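Some notes on the structure that comes next.
The values are calculated or read from the model by the stated rules, or taken from the named source; none is laboratory data. What you see is a predicted model; the values in this text were computed from it and never measured. Here the Cβ positions follow ideal geometry from the backbone for every residue, glycine too, while neighbour counts run over all protein chains shown.
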Number of protein chains: 2
Amino acid sequence: MALIVQKFGGTSVGTVERIQQVAEKVKKFRENGDDIVVVVSAMSGETNRLIELAKQASDEQPVPRELDVMLSTGEQVTIALLTMALIRRGVPAVSYTGNQVRILTDSAHNKARILQIDDQKLRADLKAGRVVVVAGFQGVDEHGNITTLGRGGSDTTGVALAAALKADECQIYTDVDGVYTTDPRVVPQAQRLEKITFEEMLEMASLGSKVLQIRSVEFAGKYNVPLRVLHSFKEGPGTLITLDEEESMEQPIISGIAFNRDEAKLTIRGVPDIPGVAFKILGPVSAANIEVDMIVQNVAHDNTTDFTFTVHRNDYQAAQQVLEDTARELGAREVIGDIKIAKVSIVGVGMRSHAGVASRMFEALAKENINIQMISTSEIKVSVVIEEKYLELAVRALHTAFELDAPARQGD
Amino acid sequence: MALIVQKFGGTSVGTVERIQQVAEKVKKFRENGDDIVVVVSAMSGETNRLIELAKQASDEQPVPRELDVMLSTGEQVTIALLTMALIRRGVPAVSYTGNQVRILTDSAHNKARILQIDDQKLRADLKAGRVVVVAGFQGVDEHGNITTLGRGGSDTTGVALAAALKADECQIYTDVDGVYTTDPRVVPQAQRLEKITFEEMLEMASLGSKVLQIRSVEFAGKYNVPLRVLHSFKEGPGTLITLDEEESMEQPIISGIAFNRDEAKLTIRGVPDIPGVAFKILGPVSAANIEVDMIVQNVAHDNTTDFTFTVHRNDYQAAQQVLEDTARELGAREVIGDIKIAKVSIVGVGMRSHAGVASRMFEALAKENINIQMISTSEIKVSVVIEEKYLELAVRALHTAFELDAPARQGD
């Protein structure tokens, strides 16, 4: 008999019919003898509806404390509906808001962090044979103010509850049946991974694989909560995300290939190569609230250097303006930019113990005559920036080069 | 500087625009130097929407505890929106759910009764110059379960808060500008009352004047909370409901004329006039969950008697069936019934000190050739049942006979 925390997102509980399906699924687990805690989000669309109302009532930004009072009602409706649907099926169940559990958070409204979870009530209910249905995304601060964890916070609630209850597994139900070696829309031979490590998942997530909220993966990694990504309405084992880094003959070097087209590249050329120049360039960019992703500085040449970085495409115009001012100030030669770029990354803990992974990547791209514009590496990841039009070609070439196309693949 | 509790119902907060108007009104009171606690209902339509969802999720009746979890979100949204609208206007404000206040109730979900209100937080906020916005209709039981007070419970929340805070007045904002001597749609000369006593208001309310929830009037009377009925969006003094029974030359004997067409009459004729026969007749009716209003038993004649009572029209068929069975059992002569009846009542504390009020009523009806079918009296009320088609005529005749038509009337 296992203790399982199951999290269902807004789409999975988007209608009463879907809530009935979720209840059916929970019932099956219960009948297998597992203890179940279910975490649910607001029905899809509900949070946006509430934000719209709040904007109408407020002048500009809604008061954060009051916005949380409103937003928390979304999940509150879902927990009641799911509990009703469970009881209707003869499954004893009880619902709790974040306040009722009590999920204690700090007082940072709209983006609160969980400090502590009281597991007393939940354990008593589980012991009494009840399924416990908890509102995701919300908590309460020490003064009794309602708080929310920010978008995607329901995943975090699920993981935090699993950690507090020392659950055997935290299952995150989504609209995909697991984590893939890469996007199957780009590479039809992409494979569902049986297993992936927290670290790899974090890199995949931050590189554009939107299966899980980064924060919940971090949280799961920190408390070593086995996390499983599954499809809400299709059967299947999904993908297990764990600490494990088992080595074996079959262990692939690369777990997956992530990519995104959301970035744009900016280069400031011929800046004097003096100490502090990086800060002089990036300081004003960051002051303009623009986030910088990759940064590359070439070696100096004639006492000047070229400095390149990427930003989100939405920030491209703003960043370019900031950079033009900086260029004038520093007496740099010119500012050039390009939005038609794409970032492709190979991710895998296997890199740690295998040399030559990066060169194998570069070789595969070279074979396809794809020029690499920027390179950035971390311990378990190599990212390159290439021309956008080569994106699909690059991903497919790498998928084959790292032997991810194999028809069947076992992670352990 | 007064402390005022203001309650706004679902229609008054039915849209964000209306909530803005309410905020504007509250701001004016605040600028007059009054301390304000506002109680709000769910936006109109919201409670029904939630009940509909709950029915879809449940087989028959939604689980009461979970229904309360859902329903309480309606007011929770409104308190946040109104608080945002106040803060937008520069009025410091803070919202509280029933749980946050803490409005302690018993555990009778869907129809809980308020046991105790913690006024600590509210007093601190008022002292700090904040308007306090409280969710009506909801509370929390000793175990932390969310409860609701049942339909119309927001009025009760307002009165209970006013009692707990010893407020100078509890203002109930509605879609009428006060309590009238009778329904102005029937008698265009009907006058708004400046004042009315709790007792009179209770009789008026129970007789079909739907301005206030009976329960909130009882509550206000019990704790002697001055209650004022006002129009949400029109200026005017409304009607004050108090304990006062000031006597003066102008004091009218009758405060108002109430009526309803919701009842039907049933008579069982020729029942043996023996002890316990009333119970034998009404016991089965009450066992069938049918509420009985007026009851009249004529004096016995030839050892048999006639027994007449009224029920809600919706219960007429069911009551008739029950009665047929009883008639067979008791060997009664026959069961006859009539749904085309109306009840008209005159209400006023002045009756206590004035003789002949009833006969003045009967005289006025006789003058119009209206036959009286049943009569029932209480200390401050005389009710008669007449043929439905004479209802308007009867109300107008009585309104004139008791000098309620006067163009201007002061209650004190």
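Annotations
- If you filter region A:260-300 down to residues that are farther than 30 Å from A:ARG185 by Cα and charged (D, E, K, R), you find that the one that is farthest from the chain's Cα centre (by Cα) is A:ASP273.
- Test: residue in region A:322-336 that is out of contact with any Gly (no Cβ under 9 Å at 6 or more places or on another chain) and closer than 23 Å to A:GLU199 by Cα: no
- Here is the figure for region B:128-160: residues that are closer than 23 Å to B:GLU24 by Cβ, modelled with pLDDT of 95 or more and among the polar types (S, T, N, Q) total 1.
- Among the residues of region A:91-108, those identified as crowded, with 22+ Cβ neighbours inside 10 Å and over 17 Å from A:LYS166 (Cα atoms) are A:ALA93, A:VAL94, A:SER95, A:TYR96, A:THR97, A:GLY98, A:ASN99, A:GLN100, A:THR105.
- Residues that are more than 26 Å from A:PHE198 (Cα to Cα), touching a Phe, Trp or Tyr at 6+ places or on another chain (Cβ under 9 Å) and not acidic (Asp, Glu) occur in region A:339-353; there is at least one.
- Count - residues of region B:47-74 that are more than 8 Å from chain A (Cβ to nearest Cβ) and among the hydrophobic types (A, V, I, L, M, F, W, C): 2
- Of everything listed in (1) crowded, with 24+ Cβ neighbours inside 10 Å; (2) without any contact (Cβ under 8 Å) to a residue 60 or more places away in the chain, the single unmet condition for B:PRO226 is (1).
- Filtered residues of region A:271-292 (kept if in a strand (DSSP E or B) and touching a residue at least 40 places away in the same chain (Cβ under 8 Å)): A:VAL271, A:PRO272
- Some residue of region B:51-62 being under 22 Å from B:GLY158 (Cβ atoms) and assigned to a helix (DSSP H, G or I): no
- Some residue of region B:22-38 being within 14 Å of chain A (Cβ to nearest Cβ), at positive phi and surrounded by fewer than 23 Cβ atoms within 10 Å (Cβ to Cβ): no
- Qualifying residues in region B:41-89 (those that are among the hydroxyl-bearing types (Ser, Thr, Tyr) and surrounded by 22 or more Cβ atoms within 10 Å (Cβ to Cβ)) - the one nearest to A:LEU71 (Cα to Cα): B:THR73
- Considering residues of region B:94-138 that are closer than 15 Å to B:ALA42 by Cβ and part of a strand (DSSP E or B) only, the residue nearest to the chain's Cα centre (by Cα): B:GLN138
- Within region A:111-131, the residues that satisfy the criterion of being more than 13 Å from chain B (Cβ to nearest Cβ) and either at positive phi or crowded, with 24+ Cβ neighbours inside 10 Å (or both) are A:ALA112, A:GLY129.
- Filter result for B:ALA366 (among the small types (Gly, Ala, Ser) and out of contact with any helix residue (DSSP H, G or I) (no Cβ under 8 Å at 6 or more places or on another chain)): yes
- Flag if B:ARG185 is farther than 22 Å from B:GLY10 by Cα and either in contact (Cβ under 8 Å) with a residue 24 or more places away in the chain or under 18 Å from the mean Cα position of the chain (by Cα) (or both): no
- Scan of region B:139-164 for residues that are surrounded by 24 or more Cβ atoms within 10 Å (Cβ to Cβ) and part of a helix (DSSP H, G or I), ordered by number: B:GLY153, B:SER154, B:ASP155, B:THR156, B:THR157, B:GLY158, B:VAL159, B:ALA160, B:LEU161, B:ALA162
- Residues within region B:80-100 that are at the interface with chain A (Cβ under 8 Å from one of its Cβ atoms) and of a type in the set (Lys, Arg), tallied: 1
- The set of residues in region B:350-386 that are out of contact with any Ser or Thr (no Cβ under 8 Å at 6 or more places or on another chain) and hydroxyl-bearing (Ser, Thr, Tyr) comprises B:SER353, B:SER359, B:SER378.
- Out of B:ALA42, B:ALA108, sole residue that is hydrophobic (A, V, I, L, M, F, W, C) and within 12 Å of chain A (Cβ to nearest Cβ): B:ALA42
- With respect to being within 28 Å of A:VAL63 (Cβ to Cβ), touching a strand residue (DSSP E or B) at 6+ places or on another chain (Cβ under 7 Å) and either at the interface with chain A (Cβ under 8 Å from one of its Cβ atoms) or not basic (Lys, Arg) (or both), B:VAL77 falls outside the description.
- Residue within region A:168-182 that is out of contact with any strand residue (DSSP E or B) (no Cβ under 7 Å at 6 or more places or on another chain) and polar (S, T, N, Q) present: no
- Flag set for A:VAL16, criterion: farther than 27 Å from A:GLY144 by Cβ and within 9 Å of chain B (Cβ to nearest Cβ).
- If the condition is being in contact with an Asp or Glu (Cβ under 8 Å, 6 or more places away or on another chain), more than 20 Å from A:VAL382 (Cα to Cα) and not basic (Lys, Arg), then region A:292-313 contributes A:ALA300, A:ASN303, A:THR304, A:THR305.
- Checking B:SER12 against (1) crowded, with 21+ Cβ neighbours inside 10 Å; (2) over 21 Å from the mean Cα position of the chain (by Cα); (3) assigned to a loop (DSSP other than H, G, I, E, B), the condition it does not meet: (2)
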